[in-house]
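Enquirer: The structure that follows is given in the form of structure tokens.
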Amino acid sequence: MPRYLLSAHTVDGQAREPMTDEQMQHSWAEIQALEAEMKSAGAWVFSGRLHDADTATVVRESGGEILTTDGPFVEAREHLGGFYIIETADLDAALGWAAKVTRTISAPIEVWPFADTAGG
Amino acid sequence: MPIVDGALIGRIFREESGRSVATLIRIFGDIDVAEDAVQEAFALALRRWPVDGLPPNPGGWITTTARNRAIDHLRREARGRELSRLALPVDRSDDASPGEVGPVQDDRLRLIFTCCHPALSVEAQVGLTLRLLGGLTTGEVARAFLVAEPTMAKRLVRAKHKIKAANIPYRVPSEAELPERLRPVLAVLYLTYNAGTGGPSGDDLRHEGIRLARILANLMPDEAEVAGLLALLLLTESRWAVRFARDGSLILLRDQDRAMWDRTMIEEGMAIVRACLRRNQPGPYQIQAAINAVHADAASIESTDWSQILALYDQLLALAPTQVVAMNRAIALAEVQGPEAALAIIDDLDLDGYHLFHATRADLLRRLGRLDEAALAYARAATLAGADAERAFLLQRVELAQSATER
């Protein structure tokens, strides 16, 4: 079955209004409910939320040596904030989950097919 | 008996290749395999048919020959590799016997929804539809959209790769998804027709737009907007022959010889519009068709029921609030309330790059006697309609269709 990465991007300096405890709990509950729905539909493979981009570290090889530097790799205003890996019959089903995710977390979702499972 | 020559086989190709390609995609789950096999079958037909005569069912011959060719190729290539690697998700729930060549559900319907999937760019949707369903060569599709052939070839390859890599399904969307998924399909057919209103391969594209709209209307009789699109295209096309003077200049609606309008197309279009009215599920294409029906019904520009047209534009503007609709509504308003009221609306629009905007403005200024301003506006329209205008025009149409799609 094809696998898809649903990635959610956060934009630096575009921090939303801080949520109240109540809002935070509500949002967390919604995310939990969606994840439970994905699991019971057999679509969920893995998911995670990431720390801010300034916590990332880049490791690369240069002239045979390993260089470790403060990250992220791409200096951009947008960074990966979290992701789901799901398994669905086709793109339409994946887009259906992406629609639910974007409604829950109010951020655009990028849907990427995995290269090793789809024959592409 | 007709003479079986390249021209006749070319016509058959245009008519039949879409169905054959669609059937082979269902059987093999791979667009490239299907396309190559159908091409080969037609190459064979070009050699055989002039000698042996036409087979009783040319389309069936092509599909069967192409299927056999594809199986041969796959057997040779497979050498132990599994055929199942070629797998586009195909909904076989309505197939009595998978692999059989036969019209269970028309495969072209599946194919058009795959070609016009919203995950593909509008340009790719149009290109794929014309290539796979319309049987146009990549060169013909490129010329229709005034891009270089390698650019179009690359665009098609990318789109086909995305269909495969992302597993875009080969399936008619469910009832719930249908309204959203039908919108880009209709936009693509409309764009195809419109691409034929300029450019070198114009006739072919307009006919192709109508042909595909007719197929879709037959396959989806419950969708009022599909019928509306077909009616709109027929009524527009009915005036085609008298739209241009001998020197190639445009003849405006008011100056056209209405006796030369194609009555057969008008009658078919009007009958569809009447059926749509009875159905009472209005949508943008049906309303545009109704507007054209009012024109088709009038003996002259003066006896046209402009208040009816204005009312239809009000309805259209509520459903599709775009700048171009607002502009066309203003043209109708000029006939009902006079040019001054219309100009006030036109001057508020942001369509500076659109030559018809300046032409419309120029006409209103002229009617108000503001001739210096009118001349400036005409000049602006002419500049925009100059060398690169067709390209700009088409690009704008693409953007408009896109905004209608995302509405």
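Enquirer: Would you say B:Gly135 is in contact (Cβ under 8 Å) with a residue 40 or more places away in the chain, surrounded by 22 or more Cβ atoms within 10 Å (Cβ to Cβ), under 26 Å from B:Ala41 (Cα atoms) and under 20 Å from the mean Cα position of the chain (by Cα)?
Expert: It is true that B:Gly135 is in contact (Cβ under 8 Å) with a residue 40 or more places away in the chain, surrounded by 22 or more Cβ atoms within 10 Å (Cβ to Cβ), under 26 Å from B:Ala41 (Cα atoms) and under 20 Å from the mean Cα position of the chain (by Cα).
Enquirer: Next up: If you scan the stretch B:27-58, which residues turn out to be surrounded by fewer than 18 Cβ atoms within 10 Å (Cβ to Cβ) and in contact with a Phe, Trp or Tyr (Cβ under 7 Å, 6 or more places away or on another chain)?
Expert: Result: B:Pro55, single match.
Enquirer: Sticking with this structure for a sec: Of the residues A:Phe46, A:Phe83, only one is crowded, with 17+ Cβ neighbours inside 10 Å and either aromatic (Phe, Trp, Tyr) or on the phi > 0 side of the Ramachandran plot (or both); which?
Expert: Sole residue among the options that is crowded, with 17+ Cβ neighbours inside 10 Å and either aromatic (Phe, Trp, Tyr) or on the phi > 0 side of the Ramachandran plot (or both): A:Phe83.
Enquirer: Also: Filter the stretch A:77-115 down to the residues that are out of contact with any strand residue (DSSP E or B) (no Cβ under 8 Å at 6 or more places or on another chain) and part of a loop (DSSP other than H, G, I, E, B), then identify the one that is farthest from the other protein chains (Cβ to nearest Cβ).
Expert: Among those that are out of contact with any strand residue (DSSP E or B) (no Cβ under 8 Å at 6 or more places or on another chain) and part of a loop (DSSP other than H, G, I, E, B), it is A:Ser106.
Enquirer: Give me the residue from the stretch B:138-174 that is aliphatic (A, V, I, L, M) and more than 18 Å from B:Asp30 (Cα to Cα) and, out of that set, surrounded by the fewest Cβ atoms within 10 Å (Cβ to Cβ).
Expert: So, considering only residues that are aliphatic (A, V, I, L, M) and more than 18 Å from B:Asp30 (Cα to Cα), the one surrounded by the fewest Cβ atoms within 10 Å (Cβ to Cβ) is B:Ala148.
Enquirer: Residue check: is A:Glu35 surrounded by 14 or more Cβ atoms within 10 Å (Cβ to Cβ) and away from chain B (no Cβ under 14 Å)?
Expert: In short, yes.
Enquirer: Follow-up question, since we're still on this one. Could you grab me the full set of residues in the stretch B:143-158 that are within 13 Å of chain A (Cβ to nearest Cβ) and either out of contact with any helix residue (DSSP H, G or I) (no Cβ under 8 Å at 6 or more places or on another chain) or small (Gly, Ala, Ser) (or both)?
Expert: Scanning the stretch B:143-158 gives a single hit, B:Val157.
Enquirer: Would you confirm whether any residue within the stretch A:85-102 is of a type in the set (A, V, I, L, M, F, W, C) and farther than 30 Å from B:Val172 by Cβ?
Expert: The answer is no; no qualifying residue exists.
Enquirer: Here's a follow-up. Show the residue pairs that are 6+ apart or on different chains and have beta-carbon atoms under 9 Å apart, the first residue being within the stretch B:108-128 and closer than 11 Å to B:Ile163 by Cα and within 13 Å of chain A (Cβ to nearest Cβ), the second being β-branched (Val, Ile, Thr) and not in a helix (DSSP H, G or I).
Expert: Matching pairs, first to second residue: B:Thr114/B:Ile168; B:His117/B:Ile168; B:Ala119/A:Val111; B:Ala119/B:Ile168; B:Leu120/B:Ile168.
Enquirer: Just wondering, is there one or more residues in the stretch A:56-63 that are farther than 28 Å from A:Met1 by Cα, surrounded by 11 or more Cβ atoms within 10 Å (Cβ to Cβ), in contact (Cβ under 8 Å) with a residue 40 or more places away in the chain and more than 14 Å from chain B (Cβ to nearest Cβ)?
Expert: No, because not a single residue in the stretch A:56-63 is farther than 28 Å from A:Met1 by Cα, surrounded by 11 or more Cβ atoms within 10 Å (Cβ to Cβ), in contact (Cβ under 8 Å) with a residue 40 or more places away in the chain and more than 14 Å from chain B (Cβ to nearest Cβ).
We did not get these values from a lab; they are worked out from the coordinates using the rules stated. Treat the numbers as computed from the prediction; the structure is a model and nothing was measured. So basically every Cβ, Gly included, is an ideal-geometry build from the backbone, and we count neighbours across all protein chains shown.
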